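The values are calculated or read from the model by the stated rules, or taken from the named source; none is laboratory data. Since we're looking at a predicted model, the values are computed, not measured. Cβ placement follows ideal geometry from the backbone for every residue including glycine, while neighbour counts extend to all protein chains displayed.
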Amino acid sequence: MRIISSLARPLLFAAISAASILVLLRQGHAEMSGWAENEGGRMRLVVLPPDAAGHIRAGLQIEPKPGWITYWREPGNNGIPPQITIAPQSGVTLDAISYPVPKRIFSGKVEDIGYAAAVTLPLSLTSWKAGPVVIDATAFIGICKDICIPFQAHFSLSLGAAAQSRPQEQTILQSAAARLPEAPSADFGVVAHAMSADLKQLSLKVTLPEAGNGTPEIIVTGPSGYAFTKQMNVGRSGRAYSADIAIGKLPNNYDIKGKQWGVLVVDGARAMETTLAFD
């Protein structure tokens, strides 16, 4: 269960079965697959050839239809986080999936975390096999309106020579990278954090990039499948901000010692993401 509050989604989920998952084969001999489509939207794979060290820049491009949403890595009450699998015979490993800054999306009292418009998830890949690179990838996402539909597609791409110019693919990936949250810095970061002994409240002190009176959005991600957004006891003085984040239900007998949680802070046009270590 993916928990922000104790509220359950009042929507009907499609069953995860062969009937509810659209599986399409999209083959390509360029660095951009065809679109896989379902009732709520479409997605495709965009890839650049490996560099001299075998590093590959790529992206999963998702376009929900108007009124539909797709999800962040911690999607909220009951969403489906994106999953991408590379076939071992590709000779390519998936090193990381990055996520552009999401939005908190409300439907009544239900809160989701994701994207209500087109988004590209940057992928970092490494090719470790000599010779031409053929990527066989499977993408699995959730896409939701009145019902939430699991959406799965298979993509196969043969990568060309690195020297060839690929302005369309490069533009898509550069645009996606520009939407990623920034790393913590001296002018935007968490300066202190502390968890209460009963694991019910996380206290944060943050340096914000500009002075002001607004309340930044904060998303705290704990164990896989858990995200928390409710702020209490907030205070702002110029660039100094403090808040207590209400921590809802955690796994039974959860021991936070030695764990690392994530935190995303959005203040105006800037967003910062970092990790919180608990000793």
Handout entry: Residue satisfying all of: in segment 157-173; surrounded by 13 or more Cβ atoms within 10 Å (Cβ to Cβ) and under 30 Å from GLY268 (Cβ atoms); modelled with the lowest pLDDT among these
Key = GLN170
Exercise for the section: Could you please tell me which pairs satisfy a Cβ distance under 8 Å, a separation of 6+ or placement on different chains, a first residue in segment 81-98 that is assigned by TED's automatic domain parsing to the domain that holds GLN61 and on the phi > 0 side of the Ramachandran plot, and a second residue that is assigned to a strand (DSSP E or B) and buried (at least 18 other Cβ atoms within 10 Å of the Cβ)? Expected result: GLY91/SER127
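In the list TRP68, TRP35, TRP72, which residue meets the criterion of being at pLDDT 95 or above and more than 21 Å from ARG179 (Cα to Cα)? Outline the logic, then answer.
Numbers: TRP68 fails: more than 21 Å from ARG179 (Cα to Cα); TRP72 fails: more than 21 Å from ARG179 (Cα to Cα).
Going through TRP68, TRP35, TRP72 in turn, just one is at pLDDT 95 or above and more than 21 Å from ARG179 (Cα to Cα): TRP35.
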Practice task
For ILE105, state whether it is closer than 14 Å to PRO75 by Cα, in a strand (DSSP E or B) and more than 11 Å from the chain's Cα centre (by Cα).
Solution key: yes
Practice task
Could you check how many residues of segment 196-230 are surrounded by 18 or more Cβ atoms within 10 Å (Cβ to Cβ) and in a strand (DSSP E or B)?
Solution key: 11
Exercise for the section: Tell me, yes or no, whether segment 168-184 has at least one residue that is part of a strand (DSSP E or B) and either within 30 Å of LEU276 (Cα to Cα) or free of Cβ contacts under 8 Å to residues at least 40 places away in the same chain (or both). Expected result: yes
Problem - Lone unmet requirement of (1) within 21 Å of the chain's Cα centre (by Cα); (2) under 18 Å from GLU182 (Cβ atoms); (3) not in a strand (DSSP E or B) for THR275 - result: (3)
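When you look at GLU210, is it among the charged types (D, E, K, R), in contact with a Gly (Cβ under 9 Å, 6 or more places away or on another chain) and either closer than 30 Å to LEU60 by Cβ or free of Cβ contacts under 8 Å to residues at least 24 places away in the same chain (or both), yes or no?
Details: among the charged types (D, E, K, R): yes; in contact with a Gly (Cβ under 9 Å, 6 or more places away or on another chain): yes; either closer than 30 Å to LEU60 by Cβ or free of Cβ contacts under 8 Å to residues at least 24 places away in the same chain (or both): no.
For GLU210, the condition - among the charged types (D, E, K, R), in contact with a Gly (Cβ under 9 Å, 6 or more places away or on another chain) and either closer than 30 Å to LEU60 by Cβ or free of Cβ contacts under 8 Å to residues at least 24 places away in the same chain (or both) - is not met.
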Handout entry: Boolean, VAL191 is assigned to a strand (DSSP E or B), under 27 Å from THR120 (Cα atoms) and β-branched (Val, Ile, Thr)
Key = no
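Restricting the search to segment 244-258, which residues are in a strand (DSSP E or B) and closer than 15 Å to LEU276 by Cα? Walk me through it before giving the result.
Of segment 244-258, the ones in a strand (DSSP E or B) are 244-246.
Scanning segment 244-258 gives ASP244, ILE245.
The rows are residues; the columns are (1) closer than 26 Å to ALA269 by Cβ; (2) hydrophobic (A, V, I, L, M, F, W, C); (3) at pLDDT 95 or above; (4) in contact with a strand residue (DSSP E or B) (Cβ under 6 Å, 6 or more places away or on another chain).
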residue: ARG26; (1), (2), (3), (4): no, no, no, yes
residue: ALA30; (1), (2), (3), (4): no, yes, no, no
residue: ILE62; (1), (2), (3), (4): yes, yes, yes, yes
residue: TYR99; (1), (2), (3), (4): yes, no, yes, yes
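Which members of segment 83-98 meet the condition of being in a loop (DSSP other than H, G, I, E, B) and touching a Leu at 6+ places or on another chain (Cβ under 6 Å)?
Filtering segment 83-98 down to residues in a loop (DSSP other than H, G, I, E, B) leaves 87, 91, 98.
Result: SER98, single match.
Tell me the residue from ILE135, ILE149, ILE113, ILE84 that is over 24 Å from ASP267 (Cβ atoms) and surrounded by 23 or more Cβ atoms within 10 Å (Cβ to Cβ), please. Steps first, please.
Working: ILE149 fails: surrounded by 23 or more Cβ atoms within 10 Å (Cβ to Cβ); ILE113 fails: over 24 Å from ASP267 (Cβ atoms); ILE84 fails: surrounded by 23 or more Cβ atoms within 10 Å (Cβ to Cβ).
None of the others qualify; the one that does is ILE135.
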Handout entry: Per-region count, segment 144-183, residues closer than 16 Å to SER98 by Cα and not hydrophobic (A, V, I, L, M, F, W, C)
Key = 5
Completion exercise
Counting only strands (runs of 3 or more DSSP E) wholly inside segment 29-79, the ones holding at least 1 residues that are under 15 Å from ALA96 (Cα atoms) are 41-47, 55-64, 69-76
